[in-house]
Amino acid sequence: MIKAILIFNNHGKPRLSKFYEHYTEDTEQQIIRETFHLVSKRDENICNFLEGGLLIGGSDNKLIYRHYATLYFVFCVDSSESELGILDLIQVLVETLDKCFENVCELDLIFHVDKVHNILAEMVMGGMVLETNMSEIITQVEAQGKMEKSEAGITGAPARAVSAVKNMNLPEMPKNINIGDISIKVPNLPSFK
Amino acid sequence: MALKIVKGSIDRMFDKNLQDLVRGIRNHKEDEAKYISTCIDEIKQELKQDNIAVKANAVCKLTYLQMLGYDVSWAAFNIVEVMSSSKFTYKRIGYLAASQCFHEGTDVIMLTTNQIRKDLSSPNQYDTGVALTGLSCFVTPDLARDLANDIMTLMSHTKPYIRKKAVLIMYKVFLKYPESLRPAFPRLKEKLEDPDPGTDAESHLHKCNIAKVSKQRDYASMQESLRRCDFFAVKYLGLLAMSKILKTHPKSVQSHKDLILQCLDDKDESIRLRALDLLYGMVSKKNLMEIVKKLMLHVDKAEGTTYRDELLTKIIDICSQSNFQYITNFEWYISILVELTRLEGTRHGHLIASQMLDVAIRVKAIRGFAVAQMATLLDNAHLLTGNTQRNGICEVLYAAAWICGEFSEHLEDPMQTLEAMLRPKVATLPGHIQAVYVQNAAKLFATVLQKHEGETESQAAQETSQLLIDRLPLFVQSANLEVQERASCILQLVKYIQKLQQKNVEVAEEVTALFAGELNPVAPKAQKKVPIPEGLDLDAWINEPPSESESEDEKPKAVFAKEEPKHSRSRHTEVDEKELARRREVRKQEQANNPFYIKASPSSQKVYDAPGVEHIPVVQIDLSVPLKVPGMPMSDQYLKLEEERRQKEKAERKKEKKKKREKRGKERKADSGPESEEDIAPAHQVDIVTEEMPENALPSDDDDKDPNDPHKALDIDLDKPLADSEKLPVRTHRPELLKSPAEDRDSESVPQETKKKSGKEKKEKKKDKEKDRKRSKEEKKKKKKHKVEEELLESQPEEAVQSEETKEAAAPPTSTSAEQEVCVLMCVCLQEVTAPSSAAAAVDTSSATAPESEPDEPKDTEPEDTKSSKHKKKKQKKEKEEKEKKKKKRHHHHHQHHGDAGGEDSVQNGTVEEEEPLPPMSNYSLLAENSYIKMVYDIQGNHQDESKVVVSVIFENKSDSFLKSMEFNVLDSLNSKLQRPEGAGAHDSLTVPFQLPPGVSNEARFVFSVQSIVMPQKLKGTLTFIVKSDESSTHEKLDFKLHFTCTSYLITTPCYSDAYAKLLESGDLKGSSLRLEGINMPFHHLLARICFHHHFSVVERIDSCASMYSRSIQGHHVCLLVKTSDQTVSIDAKCDEPSLLGNVLDEIKQTFSKC
């Protein structure tokens, strides 16, 4: 069983957290912090497995992680999961994200965490691996995306237009924390009315 | 209208959506919390609006905030609202939010049940998918119970997308609601063979103990990968795999010791820890010292306390495992422990301490050495306690003080140790350690006194007393209660002793008596294992509970019963008191005689607090170099010594062997190979005192089971037949129209079940009675049988009495339950008739539960069958025309239920009016027999399938041993084939789904497919099984021949007389005839025999002439006209298949020639 899937950046900022067991919000944050500390202090050239932190079950659980550019993808699993299988699953997840977002970067995850959740839901269900075939995952995600579009129909058109305008600056936004003057205008948009 | 919607959405598009929220948060780095709180206020406003799109947007934002650690449970109801939106877009947002923040404690979760059910049955597969995904995250026991059936249905959904999700979620459902596992199991098993590869559920089911996936690990390749482990992950996995192999093939891993020890040097902590795990399993007597030596080196090198602590615990684990099995030299072990005390800042001082105590107490031979070591340790206590950071380690002083005190007779210089224990610095130690110090100082004092007893100048003894009197006041002032109490008590004692000493009174003996007594280790499980003495019921009330008597008083009947209970109660207590006193006496005596029983003595006290270490500022002697306690033998020396010793022994052995060889000649090859485990003798004879267990301790295996294992609930016997109460709850409030046949059956079977149960009870009672009277007169038996028959008639008027009116009156529902009654009664009758044959009795019991008894056998369709035939019959009943036919039908049905219901069957078969009883009959004929097992079998056709017959085989264990792993195999012919499960080869054998304890019999059914049924057939087969007795288990084999008679292809089928007449008139049938001479049995017996053995039914009977009918599984009609006169029976027969008829007639002839 997968206990939790965490994606956070090099500074430990959570970009996605999915817990398959219930914890309070505070504990969840602590787990994320603890996991970040465990994972981030490890060298790049040592193995991708380590024992879980105390908060999420200690040595009965394993943390299996991968580090891509600015993001850590960490799966916390129990002893029944295969390490290599999960490592592979992380790869599939990242590749799928890459397909769905076209050259995925941290910003995509920041602004579209709901989409990431939807993609993840096609791969892992309730802590169990559901699908590992990338094309199958993408097919299902796209089919649901189409449904969403058709439901929005004509009424969705203006909303889409606005969100397109809002998101126009997205690729130009700097990756670091300092955001230029363009983005300051964006929250002003609602004042149009 | 449309315009309005568009306008609404234009308003909406300027609402803050998720992206805006994220952007806003990023722009408000400095006052993030404040910004978010304004956002939450906005969200609250949005949630108040009616527009579902606005709500969904708000919920979407809440999901994001939840990830940032904000509690959003206040919006749970709004989430449910969004979940129930008809639009997929919003529904998905709702379910995502629910999956992120709902849990078992969420109270609105019960509101979702119907919504989820609706979504599960939605025509849109993605609605269903989203609901399944959501549910998998927040399923509660209630939801699992209510939705289990809906999810089961989804397992056969047309879309593989849904099927795989449904199969996966079943696992979660099982965890939450384990009762659903058994009813769902057959379907699940089916789904595992789903051709769609999407069902990746197998690994999860593995956890449910369902599929025993045997994992073949390629050992050789793994070993290779470990050697060239350039790739770090492979190294890790290799070690992991090795630890798994170790469990099965410890020898093969042990040879890689060096490789694994190398991994301890790895810079990756994960790998080092894995390697440590491995070491635990691969030590042996031979390599223990070496491995521990390596580990000790690592302890010195290790950086970071966590890893070092891990090393320390592993060393101790490795050495102490399975009762110190691998330790050959305990001196070495003690010195290892002493060396470990050098560890700076370890948290595991108590672990070392308990090991020291354990070894010293249990290994008597080592006590002298241990005491010497401990004395040195005490002497150098300042080195251990010097650094506050080393506080954890001062726990070992607890052990050291206790060992020195308890085994003080081994001390060379008790005076010095006593002095060490009473140093002022001791007062800085944690309280519980000081307490032990004080107590053991007293013990030492006693020893010193004894040592100097009888010396004329008892200077030493007096000095000791003075020492105590000087030093103890320090402890009397201690803040710790325990220390203070003990110190003041002992101080007074010593003062008193001093007075006596001054009077030259010899006190040593009396003082020693204070601490007399031997200490035995008691196993931690000992209390649990004390067997409950016979006649002691721990659950019984000692005194009757008061509340019960009160409630009794309320009952009107209590007035009568009032006198009696009181009386009995007083008598009861009397007995109890006497009994108790007696038992107490016995127990005391027992204890007195038992040398191992720990008598209460002060020395047996074991106060062992949790390592609550107080931080007391101390004047420090800071040592930067590792501590080396003077005079302490290094464990390495032992290693060398041990090696030398072994060499020597080996040499000696070789010499001896050589001598032997010289004598014997060249019998064996030289022993150049590695010495085996047994060759290593312990350095000195060590007597490891095993832990005490109570006498007659019961061995119990369940000790190791983890009570917290979440999968424990799934430890369910899946082979057990399904009880009705276990069926999944199905919604019953649906309109009649929707009721599926399955549901119909469900609701019907509940009363049947209860009936059946009561029937069984009845039967058991009868059985008991029957046993008592087994040897009574035959007449009595007969009478009883008649009585039962009468009972049967009474309870079943429409059944027995052939009056039109009662028939008409019988309504279908009552008749079903009544039918059940008949079955039960018939069972009772049967018991009477066939009790002597145990095989028959077994059939009976197994057939009593027949409809559910074989879920796992190939003959799955059987219960369905009987049920459907019951349905048919019900229909026929409504026709209410031909009662006699009907009854025959019922017999038939009955026959299927009860393998050898023959005796009663035939009585009923149109011959009720004649009271003459029939001899017992059974269709089961002997299949094969040897000294272990006896097999009898019966073959029955099947209405539904024209090419299948069912062979019921009763296996009876005749031996005193356990029979297991029975495998049934038959050599198929072209015509008849044993049905094997899919995927099995044509020659594979079928496993009999049970084991047989001695004297037990059980029935298994095997399905055969046949092509042509016109000829009888014989199939050769073998049964293989394992006979397991206490000492041995042997493989046995029994050959048999299955005889498929043509009769076995016939099925009792009722036929109406007009239809029968038409059939005969049609002229399609070919005739044949048979004459039987010398039959001197009543005609109804004759008919009963034909009916019973050859599956015919009587169509019409006029005096000494009867017409009979049967049908083959392939639809051949067989008609008989049986006439009798003067011991001669003539049978005229017609059938559309002459060869079949010929064979059937031959078989009938054979039946009667036997009697």
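Couple of notes before you dig in:
- Contact order normalised by residue count of the range B:406-506, Cα under 8 Å, 6+ apart, percent: 29 percent
- For the peptide B:266-273, the mean number of other protein chain Cβ atoms found within 10 angstrom of a residue's Cβ is 4.
- The Cα center of the range B:262-317 and the Cα center of the range B:513-548 differ in position by 42 Å.
- Peptide-level mean, for A:1-7, of C-beta atoms on other protein chains within 10 Å: 1
- Here the calculated FRET efficiency for residue B:499 and residue B:641, from their Cβ-Cβ distance with R0 = 35 Å, stands at 0.10, rounded to the nearest 0.05.
- Per-residue Cβ neighbour rank within 10 angstrom, fewest leading, B:60, A:105, A:100: A:105, A:100, B:60
- Among the GluC sites (Glu not before Pro) found in the range B:975-1082, those both in a DSSP coil and sparsely packed, with 11 or fewer other Cβ atoms within 10 Å of their Cβ, are B:982, B:1031, B:1077.
- Dimensionless Rg over Rh [the range B:15-208; C-alpha; Kirkwood]: 1.05
- For the range B:313-434, the relative contact order works out to 27 percent when only alpha carbon pairs closer than 8 Å and six or more residues apart are counted.
- Calculated FRET value between residue B:530 and residue B:31, using beta carbons and R₀ = 51 Å, to 0.05: 0.15
- Relative contact order of the range B:926-1067, pairs being alpha-carbon contacts under 8 Å that are 6 or more residues apart, as %: 27 percent
- Placing unit charges on each Cβ (+1 for Lys and Arg, -1 for Asp and Glu) gives the range B:15-208 a dipole about its Cα centre, and among B:62, B:86, B:40 the Cα reaching farthest toward its positive end belongs to B:86.
- When only alpha carbons of the range B:925-1044 are considered, Rg and Dmax amount to 14.7, 50 Å.
- Once both labels are positioned 7 Å from their Cα atoms along Cα-to-Cβ, the gap between residue B:1125 and residue B:68 label points is 10.9 nm.
- Spin-label model distance (nm) - residue B:1066 vs residue B:469, 7 Å beyond Cα toward Cβ: 12.4 nm
- Cα-projected label distance for residue B:477 with residue B:1033, points at 7 Å along beta-carbon direction, nm: 7.2 nm
- 10 Å Cβ neighbours from other chains, averaged over peptide B:16-28: 5
- Estimated FRET transfer efficiency (residue A:43, residue B:121; beta-carbon r; R0 51 Å; 0.05): 0.45
- The packing ranking of peptides B:401-407, B:1005-1011, highest mean first, is B:401-407, B:1005-1011, where packing means the average number of other beta carbon atoms within 10 angstrom of each residue.
- Tail weight of P(r) past 21 Å, computed on alpha-carbon pairs of the range B:1049-1153, percent: 25 percent
- By the count of neighbouring beta-carbon atoms within 10 Å, fewest first, B:52, B:260 end up ordered B:52, B:260.
- Cα centroid separation, the range B:323-361 to the range B:1048-1066 (Å): 89 Å
Any read-out appearing in this document is the output of simple, stated calculations on the displayed coordinates, not a laboratory observation. The shown structure was predicted, so the numbers you read here are calculated from the model rather than taken from an experiment. When we count neighbours, we look across all protein chains shown, and the Cβ atoms used for this are built from the backbone with ideal geometry, even at glycine.
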